[in-house]
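Colleague: Below you'll find the structure I mean.
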Ligand code: HEM
């Protein structure tokens, strides 16, 4: 039950407008709009998810979280759009690619991730900011484009990714080998954890020179905690409640959030210690990535990191591990279900030198098609949110949308990805993903390493998608791995 005080507060909140983009089931794309309303006839002709009087869909949100509420909205929005009243706001889900693109292309003044802290205190991006502080995710304004450029140079450029390739291959090999250690076969309870650990170790090594980043599970547990809290409505409710009672300053973390922030700071501090040790022991080695990002944003070659690099260190504890891990996991599930695709991929893997960056990055069209198709069908970041700051007409909303079933056909990506295809697994518009190419490269390398080394048998064939903060599997992905050599 929701306390009366809280109910009053929620009902009292200034109306605001938000939009959430969802890349949902069957690769539909969705949006949620929270909009100032006083009547229920907000979007005539658009299907409405009926909630309870006054609270609207708020109880569904509180009981099941935003991803589940989204799932319900997608289910009723046959034309790619649906909505629910949430107290005095309206939550609109748009899952039509044209509409999603239109909203994601809006400039910050019209649509941003967070909105005003007082008015949109429950936004998942606000929770994230309170947990890990500022980051590129939350910045708006001129500083943003500078920061995006730094990221893009480091993670989306062929040159910088080619420099990281040997490290990715090395870490992938160590982690693939560890699945069976000395033996020839092994039963892996959940390949997701192995894939996540590969990604965690990879980040540890490339950022700080610490390939043992995953050991002890601290980073994994911290990362999971942050992801879950960001997708959970209760931290926002608790924060709103404290804000109402003036127990917390707008935008500042609550006490429990501050505790978690301190844990993040501790892990980062330990990593910096490793970085300094690496720098002392290898004075002539190229800069590790976090130092490089720091130097690119005004920091020194030793000593404290720049503000930007420190913020990325915090952001990294939340993002980039599980998303890469899930990419590999979903690809394995899809390939297991489609042996003819796996056979084509294996033929390609066996025909080229996969220790060569250019091959893996851009000369293995079928590998690329598999990763793209897996991302299209199972987009890890299945939803995002935009707060509408200025009224705007959704010009594309009148277009009828043809819904197509989601079949796994990597061939659609052979010949490249065309800009007019509704593929938005890495976002779209001015705030799309700046780690796209690095993530794809890391996923490719680990997938290729696993497939070369092992025959992988995904045990169950009924894995379904579960809308969590990220796109999860409904249950662990048990795999039998048998060495090929
Ligand atoms: C499979 C892995 C990944 C997926 C599916 C993914 C997906 C996305 C998506 C959909 C967005 C846009 C969110 C929105 O519109 O609100 C985004 C933004 C972003 N991503 Fe990724 N991402 C991945 C990996 C990475 C990696 C490895 C990095 C780090 C290098 C990264 C850094 C970022 C940053 C900083 C933004 C915010 C950009 C901005 O606000 O201007 N991502 N990502």
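Colleague: Would you confirm whether any residue within segment 312-335 is exposed (fewer than 13 other Cβ atoms within 10 Å of the Cβ), farther than 30 Å from residue 457 by Cα and in contact with a helix residue (DSSP H, G or I) (Cβ under 9 Å, 6 or more places away or on another chain)?
Modeller: no
Colleague: Another question, then. Answer yes or no as to whether residue 359 is closer than 27 Å to residue 373 by Cβ, in a helix (DSSP H, G or I) and within 16 Å of the ligand (Cβ to nearest atom).
Modeller: no
Colleague: With 393, 473 as the choices, which residue is under 27 Å from residue 78 (Cα atoms), assigned by TED's automatic domain parsing to the domain that holds residue 319, at pLDDT below 80 and surrounded by fewer than 23 Cβ atoms within 10 Å (Cβ to Cβ)?
Modeller: 393
Colleague: Further question: Being surrounded by fewer than 23 Cβ atoms within 10 Å (Cβ to Cβ) and at pLDDT 90 or above: is that true of residue 418 here?
Modeller: Judged against the criteria, residue 418 is not a match.
Colleague: Looking at 215, 267 in this structure, which one is touching a residue at least 40 places away in the same chain (Cβ under 8 Å) and either closer than 19 Å to residue 314 by Cα or not assigned by TED's automatic domain parsing to the domain that holds residue 311 (or both)?
Modeller: That would be 267, the only listed residue that is touching a residue at least 40 places away in the same chain (Cβ under 8 Å) and either closer than 19 Å to residue 314 by Cα or not assigned by TED's automatic domain parsing to the domain that holds residue 311 (or both).
Colleague: Does segment 63-81 include one or more residues that are within 15 Å of the ligand (Cβ to nearest atom), in contact with a helix residue (DSSP H, G or I) (Cβ under 8 Å, 6 or more places away or on another chain) and within 15 Å of residue 432 (Cα to Cα)?
Modeller: There is no residue in segment 63-81 that is within 15 Å of the ligand (Cβ to nearest atom), in contact with a helix residue (DSSP H, G or I) (Cβ under 8 Å, 6 or more places away or on another chain) and within 15 Å of residue 432 (Cα to Cα).
Colleague: Residues 113, 130, 101: which one is surrounded by fewer than 21 Cβ atoms within 10 Å (Cβ to Cβ) and either away from the ligand (no atom under 12 Å from the Cβ) or not assigned by TED's automatic domain parsing to the domain that holds residue 470 (or both)?
Modeller: Only one candidate passes the filter, namely 101.
Colleague: Ok, one more. Take the residues of segment 309-328 that are away from the ligand (no atom under 11 Å from the Cβ) and touching a residue at least 24 places away in the same chain (Cβ under 8 Å): which is farthest from residue 134 (Cα to Cα)?
Modeller: So the first thing to find is which residues in segment 309-328 are away from the ligand (no atom under 11 Å from the Cβ), and the list is 309-310, 313-314, 317.
From the residues that got through so far, the ones that are touching a residue at least 24 places away in the same chain (Cβ under 8 Å) too are 310, 313-314, 317.
Numbers: 310: 10, 313: 11, 314: 9, 317: 13 Å.
Only one residue fits best here, namely 317.
Colleague: Looking at segment 446-465, is at least one residue within 16 Å of the ligand (Cβ to nearest atom), modelled with pLDDT under 90, in contact with a helix residue (DSSP H, G or I) (Cβ under 9 Å, 6 or more places away or on another chain) and within 21 Å of residue 193 (Cα to Cα)?
Modeller: For segment 446-465, residues within 16 Å of the ligand (Cβ to nearest atom), modelled with pLDDT under 90, in contact with a helix residue (DSSP H, G or I) (Cβ under 9 Å, 6 or more places away or on another chain) and within 21 Å of residue 193 (Cα to Cα): present.
Colleague: Suppose we filter 222, 247, 260 for residues that are modelled with pLDDT of 90 or more, closer than 30 Å to residue 115 by Cβ and surrounded by fewer than 16 Cβ atoms within 10 Å (Cβ to Cβ); which single one remains? Quick ask: steps written out before the conclusion?
Modeller: On the way: 222 fails: surrounded by fewer than 16 Cβ atoms within 10 Å (Cβ to Cβ); 260 fails: surrounded by fewer than 16 Cβ atoms within 10 Å (Cβ to Cβ).
Step by step, each of 222, 247, 260 is checked, and only 247 is modelled with pLDDT of 90 or more, closer than 30 Å to residue 115 by Cβ and surrounded by fewer than 16 Cβ atoms within 10 Å (Cβ to Cβ).
Colleague: What are the residues in segment 143-165 that are more than 13 Å from the ligand (Cβ to nearest atom) and under 15 Å from residue 431 (Cα atoms), if any?
Modeller: none
Colleague: Of the numbered conditions (1) surrounded by 20 or more Cβ atoms within 10 Å (Cβ to Cβ); (2) assigned by TED's automatic domain parsing to the domain that holds residue 292; (3) within 16 Å of the ligand (Cβ to nearest atom); (4) touching a residue at least 60 places away in the same chain (Cβ under 8 Å), residue 209 satisfies every one except a single condition; which is it?
Modeller: Unmet for residue 209, out of (1) surrounded by 20 or more Cβ atoms within 10 Å (Cβ to Cβ); (2) assigned by TED's automatic domain parsing to the domain that holds residue 292; (3) within 16 Å of the ligand (Cβ to nearest atom); (4) touching a residue at least 60 places away in the same chain (Cβ under 8 Å): (3).
Colleague: Let me ask something additional. I'm told residue 348 meets every condition in (1) over 19 Å from the mean Cα position of the chain (by Cα); (2) farther than 12 Å from residue 447 by Cα; (3) within 15 Å of the ligand (Cβ to nearest atom) except one. Can you identify the failing condition by its number?
Modeller: So the condition that residue 348 fails would be (3).
The values are calculated or read from the model by the stated rules, or taken from the named source; none is laboratory data. Computed from a predicted model, the values in this text were never measured in an experiment. When we count neighbours, we look across all protein chains shown, and the Cβ atoms used for this are built from the backbone with ideal geometry, even at glycine.
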